[in-house]
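Trainee: Take this structure first; my questions come after.
The values are calculated or read from the model by the stated rules, or taken from the named source; none is laboratory data. Please read all numbers here as calculations on a predicted model, not as lab measurements. Glycine also receives a Cβ, built like all others from the backbone with ideal geometry; neighbour counts cover every protein chain displayed. These area figures cover heavy atoms from the full protein model, side chains too; ligands, DNA and RNA do not enter into them. Shrake-Rupley method; radii C 1.70, N 1.55, O 1.52, S 1.80 Å.
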Amino acid sequence: MNVVMYEDELNQIQTVVDKLVRDANARVVCIVDKNGQLISASGETDNLDTTSLASLIAGTIAAMGGMAKLLKENEFPTQFHEGVKANIHIQLVGNRVILAVIFDSRATLGLVRLRVKRACDELNAIFEALMKRVPAGGGSAPFGEITDEDIDNLFND
Amino acid sequence: MSFINYLSREINCKIVYYGPGLCGKTTNLQWIYQRTAPEAKGKMISLATEQDRTLFFDFLPLSLGEIRGFKTRFHLYTVPGQVFYDASRKLILKGVDGVVFVADSQIERMEANQESVENLQQNLAEQGYQLEKIPYVIQYNKRDLPNIATVAELRSLMNPTNAPDFEAVASKGVGVFDTLKSVAKLVLTELKRGSGG
């Protein structure tokens, strides 16, 4: 089963993420799927390797999920790590995607938690609509039309 | 589980390098990283112990080019090979699109190879995958060492399903890109098949 993200939902997600950056005074906000793919990012991302960040965020959520299983917990959905200049708040949303907020002294943990909670509700609604849409869209990913030749061309040196 | 983004027109796939401890999984990724143009790769992340043994995973994002206006990106991961890191291996296999099994050709590592393949089958099964049904490529690594099994022996032990297989010396780059291309091609072909093409 593949995850397909369409423009409508991605735009809606981007709106939530952009708003969260402003409302929480965050440096960076990103949404990552549980397998480590970056879905959306906002804020000061220019000098940030968001691809690597996404895979590591998914790794830490996966590791915490593994620990939860051992302790007969369902999940540990929230993580907070405090650094000298930067802090990161990581929240599992609806057991589907991960919302990470990176912030500094311009924001407080209380503010971030409050805003994250509201954003989670909005994101849940978007992803629920997306899940309903996927079967209706059929398996008509763009790859249905490609030929073996297209694939071969990719590997011509 | 590929990730298709219509807004940025990208297709992301996940490939996992599996195999026993010290078989050369990280070495494969290091060679790919060193020999790929800067614009086609991201940073390589290694979560390793102080002795440079993989603790959680290595990660390397690669871009292969465009197909029908969609950028194809591959995220390469390795698992920690040592037996006691099984919990971590299970996590890394989540959402995998293709697997490379790196076998150590040395005769004394045959048992470790077989144990690792069985572990791979078991961990995939726990997630509802069957090894025979996912894109799968085998690499016989360390072909430059003296005490190695023949390819015929390795095949009969490690490759009952006739998956594509390659001889390699990962530390010198031999066979590394052949292996990667083969698995990437299988993944894309599977995507095409899965989408009814």
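Trainee: Hull surface divided by four, with the convex hull built on the Cα atoms of chain A: how many nm²? Please report the intermediate quantities before stating the final value.
Mentor: Numbers: hull surface 48.3 nm².
If I average the Cα hull's projected area over directions, I get 12.1 nm².
Trainee: Further question: Any aspartates and glutamates with Cα under 13 Å of the B:Lys25 Cα? List them, leaving off those in the same chain fewer than 8 positions away.
Mentor: Candidates past the 8-residue exclusion: B:Asp52, B:Asp58, B:Asp104.
Trainee: Whose amide H sits under 5 Å from the amide H of B:Lys71, counting only residues 5 or more places off or on another chain, with H placed in the peptide plane?
Mentor: Amide H neighbours of B:Lys71, under 5 Å, 5+ apart: B:Glu10, B:Ile11.
Trainee: Another question, if that's okay. Using modelled backbone amide H atoms (1.01 Å from N, in-plane), which distant-in-sequence or interchain residues come within less than 5 Å of B:Phe56's amide H?
Mentor: Excluding prolines and chain starts, which carry no amide H, the hits are B:Leu47.
Trainee: If you don't mind, another one. Other chains near B:177-184: what is the mean number of their Cβ atoms within 10 Å of each residue's Cβ?
Mentor: Neighbouring Cβ atoms belonging to other protein chains average 1 per residue here.
Trainee: Ok, one more. Taking R0 as 45 Å, what FRET efficiency do you get between A:Lys117 and B:Thr161 from their Cβ-Cβ distance, rounded to the nearest 0.05?
Mentor: Values: r = 49 Å, r/R0 = 1.09.
Taking R0 as 45 Å, the efficiency between A:Lys117 and B:Thr161 is 0.35.
Trainee: Order B:Thr72, A:Thr108, B:Thr189 by their accessible area, 1.4 angstrom probe, all chains in place, largest first.
Mentor: Reading off the accessible areas and sorting them downward yields A:Thr108, B:Thr189, B:Thr72.
Trainee: What three numbers, in Å, describe the spread of the alpha carbons of the stretch B:3-194 along their principal axes, ordered from the longest?
Mentor: Computed over the stretch B:3-194, the largest-to-smallest principal extents equal 51, 33, 30 Å.
Trainee: So how much accessible surface do A and B hide from each other in total, probe 1.4 Å, in square angstrom to the nearest 100? Write down the numbers at each step before the final one.
Mentor: On the way: alone 10000 and 10310 Å², together 16640 Å².
Answer for the A-B pair: about 3700 Å² buried.
Trainee: Among B:Gln127, B:Tyr77, A:Val101, which residue has its Cα furthest toward the positive end of the charge dipole of the protein assembly as shown, with +1 on Lys/Arg Cβ and -1 on Asp/Glu Cβ?
Mentor: Positive-most Cα among the choices belongs to A:Val101.
Trainee: Looking at the protein assembly as shown, what % of the alpha carbon pairs are farther apart than 33 Å?
Mentor: On the way: 18700 of 62481 pairs.
More than 33 Å apart: 30 percent of the Cα pairs in the protein assembly as shown.
Trainee: Given a 1.4 Å probe, how much area per residue of the protein assembly as shown is accessible, in Å²?
Mentor: Heavy-atom SASA per residue in the protein assembly as shown reads 47 Å².
Trainee: With springs connecting C-alpha atoms under 10 Å apart, model chain B as a Gaussian network and identify which of B:Pro20, B:Pro61, B:Pro38 has the largest mean-square fluctuation.
Mentor: So, out of B:Pro20, B:Pro61, B:Pro38, the one fluctuating most is B:Pro38.
Trainee: Now for a different question. Please check: in the Gaussian network model of chain B (C-alpha springs, under 10 Å), which one of B:Asp52, B:Asp144, B:Asp104 has the largest mean-square fluctuation.
Mentor: Looking only at B:Asp52, B:Asp144, B:Asp104, the biggest GNM fluctuation is shown by B:Asp52.
Trainee: Report the relative contact order of the stretch B:3-194, percent, no decimals, based on alpha-carbon pairs under 8 angstrom and at least 6 residues apart.
Mentor: Dividing the mean separation by the residue count of the stretch B:3-194 yields 24 percent.
Trainee: As a quick test, which of the pairs A:Lys132/B:Lys94; A:Lys85/A:Lys117; B:Lys133/B:Lys172 have an alpha carbon distance above 27 angstrom in this structure? Don't skip to the answer; put the middle values down first.
Mentor: Values: A:Lys132/B:Lys94 23 Å; A:Lys85/A:Lys117 24 Å; B:Lys133/B:Lys172 31 Å.
With Cα atoms farther than 27 Å apart: B:Lys133/B:Lys172.
Trainee: Normalised by the residues of chain A, what does the relative contact order come to in percent, with Cα pairs under 8 Å and at least six apart?
Mentor: 23
Trainee: Moving on to the next point. Compute the separation of the alpha-carbon centres of the stretch B:118-170 and the stretch B:50-82 and state it in Å as a whole number.
Mentor: When both Cα centres are located, 19 Å separates them.
Trainee: Now a separate question. Taking the full set of protein chains and a 1.4 angstrom probe, give the accessible area of A:Arg133 in square angstrom, rounded to the nearest 10.
Mentor: Here the accessible area works out near 80 Å².
Trainee: Here's another thing I want to ask about it. Within 10 Å of each Cβ of B:58-64, how many other protein chain Cβ atoms are there on average? Spell out each step's value before the answer.
Mentor: Numbers: counts 0, 8, 2, 7, 0, 0, 2.
For peptide B:58-64, the averaged partner shielding equals 3.
Trainee: Only bridges with both residues in the stretch B:3-194 count here: give the DSSP antiparallel percent, nearest 5.
Mentor: Numbers: 18 of 39 bridges.
Restricted to the stretch B:3-194, the bridges split so that about 45 percent are antiparallel.
Trainee: Report the accessible area of B:Cys13, computed with a 1.4 Å probe over the heavy atoms of all protein chains in place, in Å² rounded to the nearest 10.
Mentor: My reading of the accessible area for B:Cys13 is about 0 Å².
Trainee: Residue by residue through the stretch B:170-182, what is 3J(HN,Hα) from phi via Karplus (6.51 cos²θ - 1.76 cosθ + 1.60, θ = phi - 60°)? Round to whole Hz and write x for glycine and proline.
Mentor: Result, ordered by residue: 4, 5, 10, x, 5, x, 5, 6, 4, 5, 4, 4, 4 Hz.
Trainee: Could you please put A:His89, A:His81 in sequence from largest to smallest accessible area, using a 1.4 Å probe?
Mentor: On the way: A:His89 5, A:His81 90 Å².
Correct descending sequence by accessible area is A:His81, A:His89.
Trainee: Short version: ³J(HN,Hα) in whole Hz for each residue of the stretch B:8-15, in order, from phi by Karplus 6.51 cos²θ - 1.76 cosθ + 1.60 (θ = phi - 60°), x for Gly and Pro, what are they?
Mentor: The phi angles translate into 8, 6, 9, 10, 10, 10, 10, 10 Hz.
Trainee: Would you kindly derive the ³J(HN,Hα) couplings of the stretch A:116-132 from the backbone phi angles with the Karplus curve 6.51 cos²θ - 1.76 cosθ + 1.60 (θ = phi - 60°), listing them in order in whole Hz, with x for Gly and Pro?
Mentor: Result, ordered by residue: 4, 4, 5, 4, 4, 4, 5, 5, 4, 4, 5, 5, 5, 4, 5, 4, 5 Hz.
Trainee: Same structure again: Shielding of A:24-34 by partners, i.e. mean partner chain Cβ atoms within 10 Å per residue?
Mentor: Details: counts 0, 0, 0, 0, 0, 0, 0, 0, 0, 4, 3.
The mean count of partner-chain Cβ atoms within 10 Å per residue comes to 1.
Trainee: What are the residues whose amide H is under 5 Å from the amide H of A:Gly94, where those residues sit 5 or more places off or on another chain and H is modelled from the backbone?
Mentor: none
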